[in-house]
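Student: Take this structure, written in structure tokens, and hold onto it; I'll ask about it next.
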Amino acid sequence: MTGAISQTQKRGGVLLLRKHPYVLAGLVIIFVCASLALLAPLITPDPTVMNATATMQRPGAAHWFGTDSFGRDIFARVLFGIRTTILVALAATALAALLGVTVGVAAGVFGGWTEALLMRFMDVIFAFPSILAALAIAAVTGGGLASAVITIGIVYTPQFARIARAGILETRGLAYVEAAVAIGNTNWQITRRHLLPNILSPLLVQTSLSMSLAVLLESALSFLGLGVQPPEPSLGRMLSEATSYMLLSPWAAIFPGAAISLLVMGFNFLGDGLRDWFDPRLR
């Protein structure tokens, strides 16, 4: 039986890639960007080193993406910026998933005033646009890598909480869950054995989509000076610094902007494919 299911899943995965080739494109984009980011210290010079004699040079053999107004190598800064962005997005999404799933599961399992209190608090956060909520939280926590992770994690917690709560409420009324209650299983046992496995699929899709949103939000915070602080390279800060001399050196803005777009496209393609795979109505 297990082998038959495994073969069915493999055939379904092949069909998914054939029907939605952008899923493969998303995986390739993410893999290439992550690999280059990991290898950045080995294949690029120090992104913080300034060279007053090589400012705003055009892309060429010496500097593939050119140099910025301080003579820093843009190719190196883009790769290190991608690494920073992926790190922040991963950590922030993991924090949002942890907090959101905990809140959503607690609300769905216990119900009553616990559910009302937790979900109204989530509604308060969800009521504000993401960028405004992020700016407010970042202003309190201050700038920096840890601040960006905490800010983005809190902003995207309500999405995970809503998905987890909806899945718990949908699953809790099924016959086998009621049977588990009848034989005396505790709430923790029921949640771990029967409820959590049934909400993993939508949570996996939300994780992939949240990664793309986290990339955008981290770039926006860094652009406004509330994200990753210098001298740590950041794609959003590179865009911010390039705005003052964009007409003289457009490549300083083009390449970090393209990197942000590629990361967002990769995670969006992957998220759309996972949604098509896990939702039988879309399949």
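Student: Which order do you get for I183, I74 if you rank them by accessible area with a 1.4 Å probe, largest at the top?
Tutor: I183, I74
Student: How much length would be gained if the chain were fully extended between Y22 and L90, taking 0.36 nm per residue of separation minus their Cα-Cα distance, in nm to one decimal?
Tutor: Difference between extended and current length: 22.3 nm.
Student: Please report, in cubic angstrom per residue, the volume enclosed by the convex hull of the alpha-carbon atoms of the stretch 43-90.
Tutor: 71 Å³
Student: State the volume of the convex hull built on the alpha-carbon positions of the stretch 53-130, expressed per residue in Å³ and rounded to an integer.
Tutor: Considering the Cα atoms of the stretch 53-130, their hull volume per residue is 108 Å³.
Student: Amide H neighbours of G225 under 5 Å, counting only residues 5+ apart in sequence or on other chains, H built in-plane at 1.01 Å?
Tutor: none
Student: In vacuo Debye scattering of the stretch 126-266, one point per C-alpha: log10 I(q)/I(0) at q = 0.09, 0.15, 0.16, 0.21 Å⁻¹?
Tutor: Calculated log10 I(q)/I(0) at the listed q: -0.42, -0.81, -0.87, -1.17.
Student: Could you order peptides 90-97, 110-117, 153-160 by the average number of other Cβ atoms within 10 Å of their residues, highest first?
Tutor: My ranking of the peptides, most packed first, is 153-160, 90-97, 110-117.
Student: Specify the residue with the greatest mean-square fluctuation among L209, L221, L169, computed from a Gaussian network of the chain linking alpha-carbon atoms under 10 Å apart.
Tutor: L169
Student: Angle, helix 145-155 long axis vs. longest principal axis of the chain, Cα atoms, 0 to 90°, nearest 10?
Tutor: Between helix and principal axis, roughly 40 degrees.
Student: Still on this structure: With N set to the residue count of the chain, report its C-alpha Rg divided by 2.2 N^0.38 Å to two decimal places.
Tutor: Scaled against compact globular proteins, the figure is 1.19.
Student: What full-extension length gain, to one decimal in nm, is calculated for L117 and S69 as 0.36 nm per residue of separation minus the Cα-Cα distance?
Tutor: Net length gain for the segment: 12.1 nm.
The values are calculated or read from the model by the stated rules, or taken from the named source; none is laboratory data. As the structure is a computational prediction, the values presented were derived from the model and not from experiment. Because the Cβ atoms are built from the backbone with ideal geometry, glycine has one as well, and the counts that use them run over all protein chains shown. What goes into the accessible areas is simple: the full protein's heavy atoms, side chains included, and nothing from ligands, DNA or RNA. Shrake-Rupley method; radii C 1.70, N 1.55, O 1.52, S 1.80 Å.
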